[in-house]
Amino acid sequence: MRAYIIRRLLLIIPTLFFVTLIVFLSVRFIPGSVIDLMVAEMATESGLGSELTAEYVKQALGLDVPVHVQYVHWLSGAVQGDFGNSLWTGRPITSDIVTRLPVTTELGILAIIIALVISLPIGVYSAIRQDTIADYAGRTFAVLGLSIPNFWIATMVVVYPSIWWNWTPSVEYIPFFQNPIGNLLQFIIPAIIMGTSMSAGIMRMTRTMMLEVLRQDYIRTAWSKGLPERTIISRHAVKNAFIPIITIIGPMILLLLGGSVIMEQIFCLPGMGRLFIEALNKRDYPVISAINTITATAVLIIILLVDLSYAYLDPRIRYK
């Protein structure tokens, strides 16, 4: 097991290298460079010529050197945890990420907790009570959750209460340590919307895998021994059915960053997703590269943890 973990950790290094290289180069092919945006803004405020202004911006931002030199300079700082400064604000990117990361993390944790609390019990119960009214109701809920876009629900939650009851969610971020109750009330609505949307897919997978496990010979043997239903389900069926479920839950955790982009925009939450959108709009290359690097690192670590969890759920699995 130890050798397997070491090999996987070592594989993270070349993977991150290629990810950062691809992102660093690809963002520069987006139409409209940061130089064009800054030149347009400076030309509006001053009477400088565009050519003179463009050269000044390139030198000021350090973009007048070849791209591979820029990459080596950025990478040398990134490996030490220094992602450089924002091209627009000049602030250290690391401090901005540290400030915004807890917002996205809190939203993601609440969403995944809500998704698991909804999906796992309903999926298990739907499987053990197959073709009953409860089963049909659970499957209908899953289909609705997959069919209705969560951004549409979020928009309706913001629009209709403001029309009917003159109520809107708070647009000013409430820090958790200043007002824990107000912070949770601010996050609970977007978390429920995201968690409900995620729970549909998890519930369907839970039901499918539980039905497959319940048809296995060792489950029939447990029934024939006269074991209680609760014991058969909790000790024999659920644990073996959870391996494929964990496989899809891992990537779903990472999708929370993509989903949080929409939710943070709609509910005015200053998280990583919102920072990423602002950086894309302004072509803030170092910020884009930093966020993608952190996301890629999280992807690789979570996939490793998911793989290691298989051995815990199924003792027959061994890593050599």
Distance from a point 7 Å along Cα→Cβ of Ile188 to each backbone N in the stretch 152-170: keep the residues under 16 Å and list them by number.
168-170
A correct fewest-to-most ranking of Tyr173, Tyr160, Tyr285 by other Cβ atoms within 10 Å would be Tyr160, Tyr173, Tyr285
Estimated dipole of the chain in Debye, rounded to 20 [Cβ of Lys and Arg +1, of Asp and Glu -1, Cα centre]
1800
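Run the numbers for Arg91 and Ile22: contour at 0.36 nm per residue of separation, minus the present Cα-Cα distance, in nm.
Gain on stretching Arg91 to Ile22: 22.4 nm.
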At a Cα cut-off below 15 Å, give the aspartates and glutamates reachable from Lys58, other chains included and same-chain residues fewer than 8 away excluded.
Asp36, Glu41, Asp284
Starting from the Cα of Val67, step 7 Å along the direction of its Cβ; do the same at Ile277; then give the gap between the two resulting points in nm.
2.8
Long-range amide H partners of Asn85 with built H, under 5 Å:
Ile93
Kyte-Doolittle mean at least 0.5 and Cα axial length at least 24 Å: DSSP H helices in the chain
2-26, 93-128, 180-214, 238-266, 285-313
Could you work out how far apart the two model spin labels at Leu11 and Thr99 are, taking each label as a point 7 Å from the Cα in the direction of the beta carbon, and quote it in nm?
3.9
Qualifying aspartates and glutamates (Cα of each under 19 Å from Cα of Lys239; at least 8 residues distant if same chain)
Glu212, Asp217, Glu229, Asp307, Asp314
For the stretch 2-78, with the dipole built from +1 on Lys and Arg beta-carbon atoms and -1 on Asp and Glu ones, taken about the Cα centre, which of Ile6, Gln70, Val57 lies farthest toward the positive end?
Ile6
Quick calc, Tyr173 & Ile301: beta-carbon distance into FRET formula, R0 22 Å, rounding 0.05, result 0.20
Using 19 Å as the cut-off for backbone N distance, which residues of the stretch 187-227 belong to the label zone defined by a point 7 Å from the Cα of Val143 along Cα→Cβ?
197-209
By the C-alpha gyration tensor axes a ≥ b ≥ c (rounded if a/c is under 1.5, else prolate when a/b exceeds b/c, else oblate), the shape of the stretch 100-313 is prolate
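If you take the beta carbon distance between Tyr160 and Leu211 as r and set R0 to 51 Å, what does 1/(1 + (r/R0)^6) give as a FRET efficiency, to the nearest 0.05?
0.85
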Projected onto the charge dipole of the chain (+1 at Lys/Arg Cβ, -1 at Asp/Glu Cβ, origin at the Cα centre), which of Ile181, Val34, Met203 gives the Cα projection farthest towards the positive end?
Met203
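Readers should treat all values here as calculations from the given coordinates under stated rules, not as data from a laboratory. These numbers were taken from a predicted model, which means no experiment stands behind them. Don't worry about glycine lacking a Cβ; one is built from the backbone with ideal geometry, like all the others, and counts go over all protein chains shown.
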